[in-house]
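Here is the structure we will look at.
The values are calculated or read from the model by the stated rules, or taken from the named source; none is laboratory data. The model shown is predicted, which means the values in this text are computed figures rather than measured ones. As a convention, Cβ positions derive from the backbone with ideal geometry for all residues, glycine included, and neighbour counts pool all protein chains shown.
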């Protein structure tokens, strides 16, 4: 804004202000109503949900799955998706620092006199995009399942239609698989990581059971071989993986998973 | 209208200096201005410096090297990890403990130079991405982090995900017939030893200069 | 409502009131209040400040989005109040912190409710402060002459987020311990200064006995002070520059005024 624009703004604002209404009681009453709503929300949530605490902090634990408070999910997801190691500093230092500086200095690089959101297309687009990206990251962070369990329910197609022996192996495989570390590199449903390995949610559509067993015995690096796994466990896992099809995923048993 | 030609006068009132009083000279004014700044500065410093020093003390206080026995040599195998809980911070109770995965050195896969401190390999359970607890999964022989997708192989080297360096290790030695665990150290991607760093601090190439070691605890000299 | 006396030192005698008639209780009470306010005003000149704060004009057309700032501040004040009461029961040592939180939750009258107010108050404050920032952004309210107030606001957002982070270490449960460990390591990953910053926050190379008390002091003394001071500065600048008008409201230059100026 140049000097003339600044003076014009101050003049116009002075007129608007002179014609306005007093802060007390008109604005205070409106603020008060909003504060009532806010305090009401806080009290309702405290009454319904209260202040809960989890198990006591245990630095020796190796089974805990740390997750932050939900309003930090976007940071959590950012830290999760930015890999490999070479670009990790981007997520921990780079992006947050740049965002903070851009935010702090906003009035110093966006100096145009226009204030209407529809007549500031670049600023408004950038703002909406920031909100969408943060929202998307928050949602992804909330969805991210731990690599220590499978939340995807067993399929009704298998449980109701296959013979009891297969069903038993299928369910056993579903229990066993997370303990084998597969989800460190593969994804099943919402659990596990995107890569280095392919997604396994519908692996049986692409690979028959025999092929899955073959891959588990003689994988391509860096996947480890599961050759030495007990035969019964191996069979259970192969049976479970062999029934992971898109169709089965879309037909979960009633009541879902655990 | 003051006469500007009088500005050489030593009197502040002649120069229109705010708050000047009758007979005050510029030198006197300057001296008192300096004195005001100096006394205020010293007063602030006298309060702030000890307080800041107090708060920063732990950054520089040298820590003692701790060794803790974790078992007899025959309890450990070269092919599988066994977990042990040790104390890393004295006087902090449960908070000062951590879990370590231990195995015997296996010359077939451990290629870093052998010395008295690596007859047993002790791997820390802190993920080198941001410090979440990693877990060793025997079936896949991988260390898996539940947070952001870090995966490490049997040696603790990064297999996937965002971690910037292999898992930290602990010094080990055999003393009086027992395996003892000592201080933690960090390793770069060639498993070369470095003084212990925090997670997310890269130690390859430029990293070791960008993330200086802390003055409080360093690796054992000569290792 | 603050009643502003026109004459310092007590109300003027009312004309037409017969002196003989005894004053009613109500009259006595209101005279006492007015003279007390008058006494205060004579010594502090507070009525001028109150007038400056309360009776300033606000442009027409301000809508519900303009209530977000006040709501954020009220959420902060609610945090201050519940925080002070939680501090009466809380013990910031690693061995007792968790037990003291359990004591608050299970044994103290309304304990879980007040703990809940502090927890959900924090969530509410984080949401409100971002909404308030969004309103300021989309209405272009950060532009001249309010640039500095935007900067103060962004610092307040940052402090609020750090407040949330330092706060949730305090219950000392699994969730708080690991989330804070990760948080500290994020700070420690900054080049050059990072390692020293990490050691400062933890009071050493590992999480230890002093880490918790350090976070507690930062959470309940340092940051609330900073936030309180910055809110005061923020409000001062809001009042000085005035509440912005919504950007779609056009100023109609008064024709009479223009003629008189010409």
Hey, can you tell me all the residues within the stretch B:160-193 that are part of a loop (DSSP other than H, G, I, E, B) and buried (at least 21 other Cβ atoms within 10 Å of the Cβ)? B:161, B:162, B:163, B:164, B:165, B:166, B:167, B:168
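What number of residues within the stretch C:190-203 satisfy the criterion of being in a loop (DSSP other than H, G, I, E, B) and more than 9 Å from chain A (Cβ to nearest Cβ)? Full working, then the answer.
Applying the first criterion (in a loop (DSSP other than H, G, I, E, B)) to the stretch C:190-203 yields C:190-193, C:203.
Cutting the leftovers down to more than 9 Å from chain A (Cβ to nearest Cβ) gives us C:192-193, C:203.
So the count comes out to 3.
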Looking at the stretch A:84-96 only, could you name the residues that are farther than 21 Å from residue C:162 by Cβ and either touching a strand residue (DSSP E or B) at 6+ places or on another chain (Cβ under 9 Å) or within 7 Å of another protein chain (Cβ to nearest Cβ) (or both)? A:84, A:85, A:88
The stretch B:134-173, residues that are touching a residue at least 40 places away in the same chain (Cβ under 8 Å) and either facing chain A (nearest Cβ under 7 Å) or under 19 Å from residue A:61 (Cα atoms) (or both): B:136, B:138, B:143, B:164, B:167, B:168, B:169, B:170
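To keep it simple, each residue is scored yes or no on (1) buried (at least 19 other Cβ atoms within 10 Å of the Cβ); (2) more than 9 Å from every other protein chain (Cβ to nearest Cβ).
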residue	(1), (2)
C:155	no, no
C:165	yes, no
C:183	yes, no
C:188	yes, no
C:205	yes, no
C:208	yes, no
C:214	yes, no
C:236	no, yes
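Residue check: is residue A:148 assigned to a loop (DSSP other than H, G, I, E, B) and either modelled with pLDDT under 95 or outside the structural domain of residue A:242 (by TED's automatic domain parsing) (or both)? Before the answer, list the steps.
Details: assigned to a loop (DSSP other than H, G, I, E, B): yes; either modelled with pLDDT under 95 or outside the structural domain of residue A:242 (by TED's automatic domain parsing) (or both): yes.
Considered against the rule, which asks whether it is assigned to a loop (DSSP other than H, G, I, E, B) and either modelled with pLDDT under 95 or outside the structural domain of residue A:242 (by TED's automatic domain parsing) (or both), residue A:148 comes out as yes.
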Cβ contacts < 6 Å: first residue touching a residue at least 12 places away in the same chain (Cβ under 8 Å) and on the phi > 0 side of the Ramachandran plot, restricted to the stretch A:191-216; second residue in a loop (DSSP other than H, G, I, E, B) and crowded, with 19+ Cβ neighbours inside 10 Å, any location; separation 6+ or different chain. Result? A:192/A:147; A:192/A:186
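Being within 24 Å of the chain's Cα centre (by Cα) and either free of Cβ contacts under 8 Å to residues at least 40 places away in the same chain or crowded, with 19+ Cβ neighbours inside 10 Å (or both), is that true of even one residue in the stretch A:160-170? Give the derivation first.
Pass one, the stretch A:160-170, residues within 24 Å of the chain's Cα centre (by Cα): none.
The answer is no; no qualifying residue exists.
Return the only residue of A:113, A:117 being surrounded by 14 or more Cβ atoms within 10 Å (Cβ to Cβ), touching a residue at least 40 places away in the same chain (Cβ under 8 Å), in the same structural domain as residue A:65 (by TED's automatic domain parsing) and over 30 Å from residue A:188 (Cβ atoms). Step through it out loud before you land on a result.
Details: A:117 fails: touching a residue at least 40 places away in the same chain (Cβ under 8 Å).
Sole residue among the options that is surrounded by 14 or more Cβ atoms within 10 Å (Cβ to Cβ), touching a residue at least 40 places away in the same chain (Cβ under 8 Å), in the same structural domain as residue A:65 (by TED's automatic domain parsing) and over 30 Å from residue A:188 (Cβ atoms): A:113.
Quick test for you: out of A:64, A:27, pick the one residue that is at pLDDT below 90, surrounded by 16 or more Cβ atoms within 10 Å (Cβ to Cβ), facing chain C (nearest Cβ under 8 Å) and touching a strand residue (DSSP E or B) at 6+ places or on another chain (Cβ under 7 Å). Walk me through how you get there before you give the answer.
On the way: A:27 fails: at pLDDT below 90.
Among A:64, A:27, only A:64 is at pLDDT below 90, surrounded by 16 or more Cβ atoms within 10 Å (Cβ to Cβ), facing chain C (nearest Cβ under 8 Å) and touching a strand residue (DSSP E or B) at 6+ places or on another chain (Cβ under 7 Å).
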Result of the Cβ filter at 7 Å on the stretch B:202-220, keeping first residues that are touching a residue at least 60 places away in the same chain (Cβ under 8 Å) and partners that are surrounded by fewer than 16 Cβ atoms within 10 Å (Cβ to Cβ), at least 6 apart or interchain, is B:215/B:60; B:216/B:60; B:216/B:61; B:216/B:62
If a residue has to be without any contact (Cβ under 8 Å) to a residue 40 or more places away in the chain, surrounded by fewer than 21 Cβ atoms within 10 Å (Cβ to Cβ) and part of a helix (DSSP H, G or I) to count, how many in the stretch A:233-258 make the cut? 1
So which of A:32, A:40 ends up being over 25 Å from the mean Cα position of the chain (by Cα), closer than 30 Å to residue C:249 by Cβ and either assigned to a helix (DSSP H, G or I) or outside the structural domain of residue A:137 (by TED's automatic domain parsing) (or both)? A:32
Please go through the stretch A:183-204 and pick out each residue that is buried (at least 24 other Cβ atoms within 10 Å of the Cβ), touching a helix residue (DSSP H, G or I) at 6+ places or on another chain (Cβ under 8 Å) and part of a helix (DSSP H, G or I). A:183
Within the stretch B:194-223, which residues are closer than 19 Å to residue B:112 by Cα and surrounded by fewer than 17 Cβ atoms within 10 Å (Cβ to Cβ)? B:204, B:205, B:220, B:221, B:222, B:223
Which members of the stretch B:112-124 meet the condition of being in contact (Cβ under 8 Å) with a residue 40 or more places away in the chain and part of a loop (DSSP other than H, G, I, E, B)? B:112, B:115, B:116, B:117, B:118, B:119
Can you find a residue that is assigned to a loop (DSSP other than H, G, I, E, B), more than 7 Å from every other protein chain (Cβ to nearest Cβ), buried (at least 18 other Cβ atoms within 10 Å of the Cβ) and within 11 Å of the chain's Cα centre (by Cα) anywhere in the stretch A:68-83? no
Within the stretch C:83-104, is there a residue that is over 18 Å from residue A:45 (Cα atoms), touching a helix residue (DSSP H, G or I) at 6+ places or on another chain (Cβ under 9 Å), part of a helix (DSSP H, G or I) and at the interface with chain A (Cβ under 8 Å from one of its Cβ atoms)? yes
